[in-house]
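*Asks:* Handing you a structure now.
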Amino acid sequence: MSAEDVFPRAMDLLLAGEPAAAEALLAPLAARNGDDVQVHYFHAAALLGIGEEARARQAFETAWMNHAFTVMGENEIALDRVARDAAYALEVGRLFYGEDYVGVAAAACGCALNDATVAANEGLFVYGQSLHHAGRIEAALGAFDKALALTGASYLSGFVLYSLMFAKDGLNRQAETARRWGEVMRKVAPAAPTFPPAWDGQRKLRVGYVAPSFANQLRHFTGPLFDNHDADRFEVFAYVDHAEAEALPAQVTVRSCKALTYDAHADLIRADAIDVLVDVWGHASGNRLAVFARQPAPVQVAWLNWIQTTGLETMDYSMLGSQMLTADAPPLFVETLYDIGPILAPFRPTPTAKTSPSPAIANGFLTFGSFNHPAKLSDETIAGWARLLHASPTAKLLCKYGYFVDPVLQTTTQCRFLAYGIAPQRILFEGKTTGEEYEQAFAEIDFALDPTPVGGGTTTMEAVSRGVPVLAIRGRDYYSRVAVEALGAMGLDDLLFDDWSAMAEFVARLDQDHDALAVLRARVRPAYDASAYRDEAGFTRRMEAAFAEMAAKTA
């Protein structure tokens, strides 16, 4: 039977929830059509549908490589040279990576690994980054681990730790790996750190915040803090890459640190006599956690962007919101956990954020949206969202993120849903947009969907600040309870569900009752505005009280 005859029948079987029959039909075709992209994608979907994960991964890998080379050829890349010239393959990989074609970039960089020198110098790193952004986490971890073993470059540890956030059993694996990294960093800690005179409660408390920049997405969370710090009681410093790129209040002393070594950066903090030093970035790219390992301040705190352990014994506290302080959390942290109250941080929306009616009222069908990083679309998330799409048979799902311009990632995502009987045309994609186009994207979705176990942070807050309801699962562990904190603090507990069945029933009900959908949407922005997320001064007072309490303990 030819591919033209098999594909329609295989699609019918997959949509009917009969992946085993589809696999039996596709397996012979896949065996004799090694370079047929569609055969291997369909076969991967069928294998995934019957739980053959290892074989599905192999089928996907064949499809990815063939599809990527097709895209390269369409862009006039010399395919034979990619296969034999490692330096050229890396150049091609970087080219596609720069255009957010991460699946294509991974395939090209994979060819660059044939040369050990190219692999060690940069090939493995770009390969790992491409895999991570395409959601192929275990493969990314393998690339970063190999690069670390070959080069010994300490900065790669951060990429391992960051990728582990998205891996299966990520919390335990991340905590264990962070502790090992922290043990290595002990060698740079001073034997007997010296600090300025302890805070006596009378003079101003000197607080320093460390991040590559506060002009990126952090501005939504840290802007309220910088603007509301009590200048009569606190002296505030910001240690960033480039001071001239920041737009912080005049009372904040901003230091440029990108060009400084870790030792010089630590010396600068000591010279500023900081009482409480706050890391706001964690192990994400561009971090300066090695400065904290040198213990330049008597109190050191992790907050906001990294809500796992840093692994550093020199980090005294890690701040979490009350809803995240579950019993499973303390054993996973080197730091002492500090309850900062009902929310982890306030959120100040973009001034252009505006509300809109549910589009289903006009177009007659629901549109779900996920504006999350592809790496967050776990197997559990795909299976759960497929249930929602079955519960609302005319609904569509919009996946919007910069990397979703990549055709390899698009087709892979569609096939992951196809494994659960969801037609590919129901999964839509959109890349990065800004300004009015970005605002319009929120007007095109009825619900934002929160992935699990790695939930949305900024994306959740951006949705609710535009009046879009966010549907989320109550997490099993502290890290997957970000949405519980967010929606709970707004009094939107009815958007939290214990399981996917309950969420699917909710969706099916509102799919038949658009008046109720309109009422729900009208509640969201007012609930956000009335919540602790908008009490910028109140949150800042809690932070200041926490810093004073911490500093007083060192006196």
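The values are calculated or read from the model by the stated rules, or taken from the named source; none is laboratory data. Owing to the predicted nature of the structure, the values given are computational and were not obtained by experimental measurement. Neighbour counts are summed over all protein chains in view; Cβ atoms, including those assigned to glycine, are modelled from backbone coordinates with ideal geometry.
*Asks:* Do we have residue 198 as at pLDDT below 95 and touching a Ser or Thr at 6+ places or on another chain (Cβ under 7 Å) here?
*Replies:* Taking the combined requirement at face value, the residue satisfies it.
*Asks:* Do we have residue 76 as part of a helix (DSSP H, G or I), among the charged types (D, E, K, R) and out of contact with any strand residue (DSSP E or B) (no Cβ under 7 Å at 6 or more places or on another chain) here?
*Replies:* So residue 76 does not fit the description; no.
*Asks:* A further question follows. Examine segment 457-470 for a residue that is small (Gly, Ala, Ser), part of a helix (DSSP H, G or I) and closer than 30 Å to residue 164 by Cα, and state whether such a residue exists. Talk me through it step by step, then tell me what you get.
*Replies:* Here is the first cut: in segment 457-470, the ones small (Gly, Ala, Ser) are 457, 463, 465, 467.
Pick out the ones that are also part of a helix (DSSP H, G or I) and you get 463.
The next check asks that each one be closer than 30 Å to residue 164 by Cα; those that pass are 463.
Checking segment 457-470: at least one residue is small (Gly, Ala, Ser), part of a helix (DSSP H, G or I) and closer than 30 Å to residue 164 by Cα.
*Asks:* Which of the residues belonging to segment 210-242 are of a type in the set (A, V, I, L, M), crowded, with 16+ Cβ neighbours inside 10 Å and either without any contact (Cβ under 8 Å) to a residue 24 or more places away in the chain or within 17 Å of residue 262 (Cα to Cα) (or both)?
*Replies:* Residues satisfying the conditions are 210, 211, 238, 240.
*Asks:* Is at least one residue of segment 7-20 closer than 22 Å to residue 407 by Cα, outside any helix (DSSP H, G or I) and outside the structural domain of residue 423 (by TED's automatic domain parsing)?
*Replies:* Scanning segment 7-20 turns up no residue that is closer than 22 Å to residue 407 by Cα, outside any helix (DSSP H, G or I) and outside the structural domain of residue 423 (by TED's automatic domain parsing).
*Asks:* While we're here: Any residue that is surrounded by fewer than 18 Cβ atoms within 10 Å (Cβ to Cβ), outside any helix (DSSP H, G or I) and small (Gly, Ala, Ser) - is there at least one of those in segment 31-44?
*Replies:* yes
*Asks:* Still on this structure, I have one more. Do any residues in segment 334-347 that are within 10 Å of residue 324 (Cα to Cα) have Cβ atoms under 9 Å from those of residues that are among the β-branched types (Val, Ile, Thr) and buried (at least 22 other Cβ atoms within 10 Å of the Cβ), where the two are at least six apart or on different chains, and which pairs are they?
*Replies:* Qualifying pairs under 9 Å: 344/482.
*Asks:* Is it true that residue 356 is surrounded by fewer than 23 Cβ atoms within 10 Å (Cβ to Cβ) and at pLDDT 95 or above?
*Replies:* yes
*Asks:* Here's another thing I want to ask about it. Have a look at 480, 501 and point out the one that is among the polar types (S, T, N, Q), in contact (Cβ under 8 Å) with a residue 12 or more places away in the chain and surrounded by fewer than 17 Cβ atoms within 10 Å (Cβ to Cβ).
*Replies:* 501
*Asks:* Among the residues of segment 494-507, which ones are farther than 17 Å from residue 393 by Cα and part of a helix (DSSP H, G or I)?
*Replies:* Restricting attention to segment 494-507, the residues satisfying the condition of being farther than 17 Å from residue 393 by Cα are 494-499.
Passing the criteria: 494, 495.
*Asks:* Taking the stated definitions as given, is residue 394 closer than 22 Å to residue 484 by Cβ and either under 23 Å from the mean Cα position of the chain (by Cα) or in contact (Cβ under 8 Å) with a residue 12 or more places away in the chain (or both)?
*Replies:* Spelling it out, it is not the case that residue 394 is closer than 22 Å to residue 484 by Cβ and either under 23 Å from the mean Cα position of the chain (by Cα) or in contact (Cβ under 8 Å) with a residue 12 or more places away in the chain (or both).
*Asks:* Among the numbered conditions (1) closer than 20 Å to residue 343 by Cβ; (2) touching a Gly at 6+ places or on another chain (Cβ under 8 Å), tell me where residue 487 comes up short.
*Replies:* Result: residue 487 fails condition (2) only.
*Asks:* Assigned to a helix (DSSP H, G or I) and within 16 Å of residue 159 (Cα to Cα): does that describe residue 88?
*Replies:* When the stated conditions are applied, residue 88 does not pass them.
Yes/no matrix, rows are residues, columns are (1) under 18 Å from residue 175 (Cβ atoms); (2) among the aliphatic types (A, V, I, L, M):
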| residue | (1), (2) |
| --- | --- |
| 252 | no, yes |
| 262 | no, no |
| 282 | yes, no |
| 289 | yes, yes |
| 302 | yes, yes |
| 339 | no, no |
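*Asks:* Kindly indicate whether residue 510 is in a helix (DSSP H, G or I), assigned by TED's automatic domain parsing to the domain that holds residue 393, crowded, with 21+ Cβ neighbours inside 10 Å and free of Cβ contacts under 8 Å to residues at least 40 places away in the same chain.
*Replies:* For residue 510, the condition - in a helix (DSSP H, G or I), assigned by TED's automatic domain parsing to the domain that holds residue 393, crowded, with 21+ Cβ neighbours inside 10 Å and free of Cβ contacts under 8 Å to residues at least 40 places away in the same chain - is not met.
*Asks:* Could you figure out which of (1) in contact with a His (Cβ under 8 Å, 6 or more places away or on another chain); (2) crowded, with 19+ Cβ neighbours inside 10 Å; (3) hydroxyl-bearing (Ser, Thr, Tyr) isn't true of residue 459?
*Replies:* Exception for residue 459: condition (1).
*Asks:* Any residue in segment 99-114 that is farther than 23 Å from residue 377 by Cα, surrounded by fewer than 16 Cβ atoms within 10 Å (Cβ to Cβ), over 22 Å from the mean Cα position of the chain (by Cα) and at pLDDT below 95?
*Replies:* yes
*Asks:* Is one or more of the residues making up segment 455-464 farther than 26 Å from residue 220 by Cα, touching a strand residue (DSSP E or B) at 6+ places or on another chain (Cβ under 9 Å) and of a type in the set (A, V, I, L, M, F, W, C)?
*Replies:* No; the residues of segment 455-464 include none that is farther than 26 Å from residue 220 by Cα, touching a strand residue (DSSP E or B) at 6+ places or on another chain (Cβ under 9 Å) and of a type in the set (A, V, I, L, M, F, W, C).
*Asks:* Would you confirm whether any residue within segment 198-208 is surrounded by 17 or more Cβ atoms within 10 Å (Cβ to Cβ) and aromatic (Phe, Trp, Tyr)? Quick ask: steps written out before the conclusion?
*Replies:* The first filter runs over segment 198-208 and keeps only residues surrounded by 17 or more Cβ atoms within 10 Å (Cβ to Cβ), leaving 199, 205-208.
Subsequent filtering for residues that are aromatic (Phe, Trp, Tyr) retains 199.
Yes, some residue in segment 198-208 is surrounded by 17 or more Cβ atoms within 10 Å (Cβ to Cβ) and aromatic (Phe, Trp, Tyr).
*Asks:* Residue 97 - would you say it is part of a helix (DSSP H, G or I), free of Cβ contacts under 8 Å to residues at least 60 places away in the same chain and not aliphatic (A, V, I, L, M)?
*Replies:* Yes; evaluated as a whole, the condition is true for this residue.
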